[in-house]
Amino acid sequence: MEWHRTGTFKALVTLVVAVAALTALARAQSASVRLATMAPRGTSLHKTLLAMCKEWRQAPCGGVKLTIYPDGTLGSEADIVNRMQIGQIQAAMLSVTGLSKIDDSVKALQDMPFTFRSLDSEAKTCDTHETITGLMAAHQLRA
């Protein structure tokens, strides 16, 4: 199974982007979020982000303007993390490689195959939201 086709990965990406967007939305009536990804233009991941973009424009309080930078146009995942840390972009869709630039312990997710029997058992075990927000706060990433 490819990493980008798992439901957990998509949920994680949605959560990270949602946290960034909601934080920006709390700051202003009409929010603007810049998201970088290595996902190639035209792939299912890119199409999902474009669909999310359309929905967010119709959100209350003026919506959220989501600008997507696909194809690694803003550099490698390490470059993307650096851009997040200095506030040039607000969100990113990262693989374990990119997330490990924020916190090396994320690599454990890649090193534990067959730990869970199903996605449901994984979801019950991991509290993704608290993990992500804790990592972001520990490394002073701006949402």
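General observations
- If the chain linking Arg41 and Ala123 were pulled fully straight, counting 0.36 nm for each residue of separation and taking away their Cα-Cα distance, it would gain 26.6 nm.
- A Förster distance of 35 Å, applied to the separation of the beta-carbon atoms of Leu50 and Gln140, puts the FRET efficiency at 0.70.
Throughout, read-outs are computed from the coordinates displayed, never taken from laboratory work. Just so it is clear, the model here is predicted, and its values are computed rather than measured. Note that each Cβ is placed from the backbone with ideal geometry, even for glycine, and that neighbours are counted across all protein chains shown.
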